[in-house]
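Here is the structure we will look at, set down as structure tokens.
Bear in mind that the values in this text are calculations on the coordinates, not laboratory data. If you're wondering where the values come from, they're calculated on a predicted model, not measured in any experiment. When we count neighbours, we look across all protein chains shown, and the Cβ atoms used for this are built from the backbone with ideal geometry, even at glycine.
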Amino acid sequence: MIEFKNVSFKYANADSGSLQNISLRVRKGECVLLCGQSGCGKTTLTRLINGLIPHYYEGELSGEVVVGGLDVRDIELYDTARIVGSVFQNPRSQFFCVDTTGEIAFGCENLGLPPDEIEERVKLSSREMGAINLLGRSIFQLSGGEKQKIACASVSAMRPEVFVLDEPTSNLDINAIHDLKETIRLWKKEGKTIIIAEHRLYWLTELCDRVIYLRNGEIECDMPMREFCRITPEGLRKLSLRTRSLKELCYRKVSSQAGEYLTLQNYRYSYRGSMPPVLDIQEAVLPKKGVIAIIGNNGAGKSTLSKCLCGLQKRFGGHCRCGSAVYSRRQMLKKSYLVMQDVNHQLFCESVEEELRLGMDGADEKELVRVMDSLELTALKERHPMSLSGGQKQRVAIASALLAGKEFLVFDEPTSGLDFYHMERTAKLLFSLGREKTVLIITHDPELIVRCCDYVLHMEWGGVKEQYQLNEAGLLKLRYFFENGERKRISVE
Amino acid sequence: MSLGILQTTGQQRGMILDPRTKLLLLITVSTFVLGGLGGEKFSSVIPALCLITLILLLTAGRIKAAVIYLAAYLAAWLAALLLLPQLSGPLYFLVLGSVGIFSRVMPGVAMGVYVVSTTTVSEFTAAMQRMHISEKIIIPFSVMFRFFPTVGEEFSAINAAMRMRGISFGGGRIGKMLEYRLVPLLTCSARIGEELSAAALTRGLGGNVKRTNICCIGFKMQDVIFIALCFTAFAAVALVYLGVL
């Protein structure tokens, strides 16, 4: 179905992600996992299959890529679109329409199918994806998982032979991953060819038949899944790959930091126009020092909690008690900092140094040097923040929060889309931050939690379902949550 | 600007008008209220058009937008009626100018909000295709419909980030404030735009087959009424110019 003959590619204006001498043959009906470190060329490979290279992203291409018997270089993108359907990483930016029905129909409309047939296909594919109750909604009201369902349905409605998924789970919670798994299983049963580039491996071991490992733009190994499963956990670490099974997780023992507590009181919030409160916590006691993981499904109230904690939510009346001090919303806004999932939103200046000086609160020059050193930013201080890599940007944001004298640091999905090596680095950094500050992490990444968190806050329906120390018993609870999710789901409306 | 104002929800869009009717209404409101077509003789048309805009916003369930619009318009009108006679000198001209601009621009903006917030991308595309407008024009316009709410989302995230850093207006740093807001907004918008086009292209946009559309658009009773109203207004102006009326 797909054939690569001695393919090399280099982007016109970037060094990373280039490919060298790739030869590869994927048979019809195969389900292939592409893995490897960040920047190894996984995404580039998927772009060659769906024709975005060379038609959209420019660069030097040599060799031959044949999909469904046609050379992708010779056919236009809209013809490739009939054979190959693509699902991308970021659910925010892969929709053309603003309503769900229009979006699922969009691809078929482009193919020029008659309206009756399109209606039929929209119904069928949304039923298959379990998205029938999402029809006719605005995409801005959907959660990440729901958006990804719509994306799958809209690709599926075009009935391509090949499906290409580029890190489809990096914004998804455990239930949404489970749903996506079912979708892919269905495509597989229909005999479609499926290519998945992904960092998280644990949901794919039962699904994929073949694993291709890329390193620096070359295929290092290409093996059946059976063989891949025989690699030892240590071997996986060497390849910088994430864990294959959540059973391998073990926690890091820390001497429990007894001492101060932080009490959140009257944490209630409901958005305008929605009746049941999104957040409804009478009182919650959390350790003051340490790293606290906030887990739960999409829509459980995690982001609302973090926004309220950072004092970003106007009309929020709760407060935070710490020892004898009581902090109101406005004081929390001064004392806390949210590192967003898209760090680009919070970098404003022309150089890293200027960025760090902005909003520096009484910290002196020595402190600036110390923080820059500890976060490995000294060499980058002249660079423009937007020219840095994702991890570097994240460190700049952290440094600016530290220098502004913030005490509560909240992270929204700090490791989505990171490979093992980068995830572990982030985990170390978060752990060391937690020795001095209160660090809260909203995450769907169990591997990150076991590497840096001391405490877990599990949220459900706006309230606290459970909270526990991450020890032997806590690990079992955590593992149970990530293996099973919350099956009992009540659809809204 | 509140985030929800430009977002189209699939359901509950009140009285459904054909996108073409909406465009015609938008043009009519702009030419008469903003452009002042017809001069003094047609000054009575203006309140009627303003009222239509208000009613449309209300039927679409945009209560908040409607209230803001009504309040702003009434304030401008009252200022012209009560405040202006009391003033003199430069202050008079200042108030006169701002009241004039406000009462002329507001209805057009309100109608624009109504059109954008009640039309889905596919309806808009369908309407443009019925009018036999080239794809080269339709696609950029439909991307615009998609892009406004996205920029709104980005903007509110950036705003939150700035508040946490304690950056706010004051201290005469208005230039800096704009820069801090625009730099991340532009980079994020550029990236989203790029990813958006890539996604649209892999779904076969821009092919050589004729696009179909599942949207049922068409003129209904209410469309006929509004179109008749608009044409009457324009016809009256034409008659005045020809010297008939």
Selected from B:216, B:50, B:230 as most flexible by GNM, with chain B as the system and alpha-carbon contacts under 10 Å: B:216
Equivalent ellipsoid semi-axes, the stretch A:261-484, via Cα gyration tensor eigenvalues times 5, rooted, Å: 28, 21, 16
Pairwise centroid distance, computed over Cα atoms, of the stretch A:407-463 with the stretch B:180-245, Å: 45
Angle between chain A longest axis and helix A:390-403 axis [Cα atoms, degrees, rounded to 10]: 10
³J(HN,Hα), Karplus 6.51/-1.76/1.60, whole Hz, each residue of the stretch A:131-141, x for Gly, Pro: 10, 5, 7, 9, 4, x, 10, 7, 5, 6, 9
Degrees between helix A:472-484 axis and first principal axis of chain A (Cα, 0 to 90, nearest 10): 40
3J(HN,Hα) from dihedral phi, the stretch A:337-350, Karplus parametrisation 6.51/-1.76/1.60, rounded to Hz, x for glycine, proline: 9, 9, 8, 6, 5, 9, 5, 4, 5, 10, 10, 10, 9, 8
Lys, Arg +1 and Asp, Glu -1 on Cβ, resulting dipole of the protein assembly as shown about Cα centre, debye, nearest 20: 1500
Relative pair counts by distance (%), Cα atoms of the protein assembly as shown, 10 Å bins: 2, 12, 21, 24, 20, 12, 6, 2, 0, 0
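Of A:2, B:174, how do they rank once you tally other Cβ atoms within 10 Å and put the fewest first?
Details: A:2 24, B:174 10.
In increasing order of surrounding Cβ atoms, one gets B:174, A:2.
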Sum of -39500 (n - 2.57) over DSSP H runs of 4+, divided by residues of the protein assembly as shown (222 nm, nearest 500): -14000 deg cm²/dmol
C-alpha long axis of helix A:100-111 to longest principal axis of chain A, angle in °: 30
Whole-angstrom Cα spans of the stretch B:14-77 along principal axes, big to small: 34, 31, 14
Amide proton proximity set for residue A:173, modelled H, under 5 Å, gap of 5+: A:145, A:298
Against the rule of thumb 2.2 N^0.38 Å, how large the Cα Rg of the stretch A:401-493 comes out: 1.19
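Indicate the gyration tensor shape class of chain B (rounded, prolate or oblate), computed on the Cα atoms with a ≥ b ≥ c the square roots of the eigenvalues: a/c under 1.5 is rounded; otherwise a/b larger than b/c is prolate and the rest oblate.
Details: a/c = 2.13, a/b = 1.08, b/c = 1.97.
Oblate.
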Burial ordering of A:310, A:322, fewest other beta-carbon atoms within 10 Å first: A:322, A:310
Amide hydrogen neighbours beyond the local backbone of residue A:208, cut-off 5 Å, H modeled: none
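Rounding to the nearest 20 debye, state how big the charge dipole of the stretch A:6-115 is about its Cα centre with +1 on each Lys and Arg Cβ and -1 on each Asp and Glu Cβ.
Details: 9 positive and 12 negative charges, 84 e Å.
Magnitude of the dipole: close to 400 debye.
Loop by DSSP (not H, G, I, E, B), at most 15 other beta-carbon atoms within 10 Å: where is the longest site-free stretch of chain B for chymotrypsin sites (Phe, Trp or Tyr not before Pro)? Don't skip to the end; give the middle numbers.
Values: sites that count: B:169, B:219.
Within chain B, the longest run free of exposed chymotrypsin sites (Phe, Trp or Tyr not before Pro) spans B:1-168.
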Among B:43, B:103, B:117: highest mean-square fluctuation, GNM of chain B, C-alpha pairs under 10 Å: B:43
Nonlocal amide H pairs with residue A:85, under 5 Å, H built at 1.01 Å: A:162, A:163, A:164
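Among A:121-131, A:469-479, A:407-417, how do they line up by average Cβ neighbours within 10 Å per residue, starting with the highest?
Details: A:121-131: 19.5, A:469-479: 16.0, A:407-417: 22.8.
For the peptides A:121-131, A:469-479, A:407-417, the packing ranking is A:407-417, A:121-131, A:469-479.
Report the semi-axes of the equivalent ellipsoid for the stretch A:2-248 in whole Å, largest first, where each axis is √(5λ) for an eigenvalue λ of the Cα gyration tensor.
They are 29, 23, 16 Å, listed largest first.
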Translational diffusion of the stretch B:142-206, µm² s⁻¹ [Kirkwood Rh, Cα pairs; Stokes-Einstein; 37 °C; 0.692 mPa s]: 245
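What is the fewest-to-most order of B:212, A:46 by other Cβ atoms lying within 10 Å of their Cβ? Intermediate results must be reported in sequence, preceding the final value.
Numbers: B:212 19, A:46 23.
With the sparsest Cβ surroundings first, the list reads B:212, A:46.
Greater than 22 Å separation of Cα atoms is the criterion. Which listed pairs, A:28/A:181; A:149/A:477; A:302/A:335; A:123/B:136; B:22/B:64; A:247/A:477, meet it? Spell out each step's value before the answer.
Details: A:28/A:181 19 Å; A:149/A:477 28 Å; A:302/A:335 19 Å; A:123/B:136 30 Å; B:22/B:64 20 Å; A:247/A:477 12 Å.
Checking Cα-Cα distances, A:149/A:477; A:123/B:136 exceed 22 Å.
Which net charge results for the neighbourhood of residue A:34, defined as the other residues with beta-carbon distances under 11 angstrom from its beta-carbon, given Lys and Arg at +1 and Asp and Glu at -1? The partial results should precede the final answer.
On the way: positive: A:42, A:210; negative: A:166, A:167, A:198, A:222.
Net charge around residue A:34: -2.
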Table column - 3J(HN,Hα) (Hz), the stretch B:217-228, Karplus curve with 6.51, -1.76, 1.60, x for Gly and Pro: 10, x, 7, 10, 3, 4, 4, 4, 4, 5, 5, 4
